[in-house]
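The values are calculated or read from the model by the stated rules, or taken from the named source; none is laboratory data. Owing to the predicted nature of the structure, the values given are computational and were not obtained by experimental measurement. Neighbour counts are summed over all protein chains in view; Cβ atoms, including those assigned to glycine, are modelled from backbone coordinates with ideal geometry. All accessible areas refer to the heavy atoms of the entire protein, side chains included, with ligands and DNA or RNA removed. Shrake-Rupley method; radii C 1.70, N 1.55, O 1.52, S 1.80 Å.
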Amino acid sequence: MTLLLKGSFALTRGAEPTQVFTPGHLHVVDDSSPFDLRAFASGTVPPSDQRVDAIGLDFPVSLLPWSPDQLRAVQGRGFTGGEGVAGVLAEHLLSLDRRGPELGAVAAPHVGTAVVDLVAGWLAQELAAEGALSQEARLGALAASIRGFIQRNLHDPQLSPSMVAAAHHISLSYLHRVFGQQSQGETVAAWIRGQRLEKARRDLSDPTLRALPVHAVAARWGIPRASDFSRSFRAAYGLSPLEYRMRELLNAGGGG
């Protein structure tokens, strides 16, 4: 997937007509099939400023909840990245481009997951508009969008099923029905709690975060009450957060 910022692209895929993209356009291609992408600087600017800028994102198609056949409906086309989910995605990519060097090895994979979730949300909207999704695929896309929204907002103590339903413009009962069908009966609240605890568990085992107090680890994942965190963590992992951290850091340091 590419977001064009400056200049223009000419994309040719097989016998299909060449598509021309201008700044602000998003497009996706499957690089397992041949294509020709040519970049052109604007001729209306001084030679010293004639360049092409774009942000590219490569990821396996297996991370998306659709088959390659379903995705053909959106491949090779230019979509305006200035409105709706596409606008949110474009703004997120621009922010990552500016702040990418600040991401550490711990955060980068999780930020990448959030970006792919945003891409899935955008493509779900475009595929629905094309009528390319079956009812089952639409529900799968909605569930993927819900999980992505939750992942991006775990830090917010106010995150709740009601907030998730409102963000997706669906009723609370429909949210519970769809999520339960797509998650083997697990509730939205339970998934939020499990994700928060798992993120906190990961941070507690990270040597680079050893100076971060346990209560601060909990707070950064949306659990402001230390007592609630300790109780839930022990129930999930059999140890208190502090006991777990000490064990993991000892093992990481090569101790017994």
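Things worth noting here:
- A cut-off under 12 angstrom between Cβ atoms defines the neighbours of Leu204, and their net charge, with Lys, Arg +1 and Asp, Glu -1, is +2.
- Take every Cα pair under 8 Å whose residues are at least 6 apart in sequence, average their separation, divide by the length of the stretch 144-254, and the relative contact order is 25 percent.
- Comparing Thr22, Thr80, Thr208 in a Gaussian network model of the chain (Cα springs below 10 Å), the most mobile by mean-square fluctuation is Thr208.
- With the whole protein complex present, Ser171 retains an accessible surface near 60 Å², based on a 1.4 Å probe.
- Rounded to whole Hz, the Karplus (6.51, -1.76, 1.60) HN-Hα couplings of the stretch 226-240, x for glycine and proline: 4, 5, 5, 5, 4, 5, 5, 5, 4, 5, 7, 10, x, 9, 6
- Average projection area in nm² (convex hull over Cα atoms of the stretch 133-174, one quarter of hull surface): 3.0
- Per residue, the accessible area of the stretch 161-256 comes to 55 Å² when a 1.4 Å probe rolls over the protein heavy atoms.
- Anisotropy class of the stretch 1-96 from Cα gyration tensor, a/c 1.5 cut: oblate
- Mean residue ellipticity (222 nm) of the chain, computed from DSSP H runs ≥ 4 via -39,500 (n - 2.57), nearest 500: -15500 deg cm²/dmol
- Under a Gaussian network description of the chain, with springs only between Cα atoms under 10 Å, the residue in Glu83, Glu16, Glu186 that fluctuates furthest is Glu16.
- Taking all Cα pairs closer than 8 Å and separated by 6 or more residues, the relative contact order of the stretch 194-256 comes to 34 percent.
- Global form of the stretch 48-119, assessed from the alpha-carbon gyration tensor, a/c cut-off 1.5: oblate
- Using the Cβ of Asp117 as centre and a radius below 14 Å, the other residues enclosed give a net charge of +2, where K and R count +1 and D and E count -1.
- Which labelled figure in (i) 88, 36, 31; (ii) 62, 46, 31; (iii) 52, 44, 37 is Cα extents along the principal axes in Å, once derived from the coordinates: (ii)
- The dipole here belongs to the chain: it is taken about the Cα centre, uses +1 on the Cβ of Lys and Arg and -1 on the Cβ of Asp and Glu, and is about 920 debye.
- Cα shape, the stretch 157-256, gyration tensor, a/c 1.5 rule: prolate
- Sequence-distant contacts, meaning Cα pairs under 8 Å at least 6 residues apart, place the relative contact order of the chain at 13 percent.
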